Amino acid sequence: MTKCFRGLTKAQFDTFCRIAVGDDTRVSSRVAKALIGKGLINRYEEIVSETPIPTVIIRYEVPIPIHIEWAQWCSANVDDE
């Protein structure tokens, strides 16, 4: 495992992988905070409705350099079936 993924708990690694493939639903704020602190994900707000009251949701994404490193790790460690 590359050094930026070492030391992650199972919950942190599983959450990171879900975010990396575009599933940022059901993310624990505690896990998100840990991943943000390690520089593995970014948090942003998305406005999904502006009328009558703005609806804002919290979203997460993996920075491109980290995503590339993760994709390389996946390529080397995931079996083709």
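Coordinate-derived values only; no laboratory data. Predicted, not measured: the structure shown is a model, and the values here were computed from it. Methodologically, a virtual Cβ is constructed for each residue, glycine included, from the backbone with ideal geometry; neighbour enumeration extends over all protein chains shown.
Going by amide H atoms built from the backbone, whose H comes under 5 Å of the H on ILE41, apart from near neighbours?
ILE36
Once you compute Rg and the Kirkwood Rh from C-alpha atoms, what is the Rg to Rh ratio for the chain? Intermediate results must be reported in sequence, preceding the final value.
Numbers: Rg = 14.5 Å, Rh = 13.8 Å.
Ratio of gyration radius to Kirkwood radius for the chain: 1.05.
Return the single residue from VAL21, VAL48, VAL56 with maximal mean-square fluctuation; model: Gaussian network over the chain, springs between Cα atoms under 10 Å.
Maximum among the listed residues: VAL48.
Where is the GNM fluctuation largest for the chain (alpha-carbon springs, 10 angstrom cutoff): GLU69, GLU45, GLU61?
GLU45
Using a basic spin-label model with each label point 7 Å from the Cα along Cα→Cβ, how many nm lie between ASN42 and SER75?
Inter-label distance under the simple model: 2.3 nm.
Once whole DSSP H runs in the chain are found, which of them have Cα atoms spread over 24 Å or more along the helix axis and a mean Kyte-Doolittle score of at least 1.6?
Values: long enough: none.
Qualifying helices, which must be both long enough and hydrophobic enough, do not occur.
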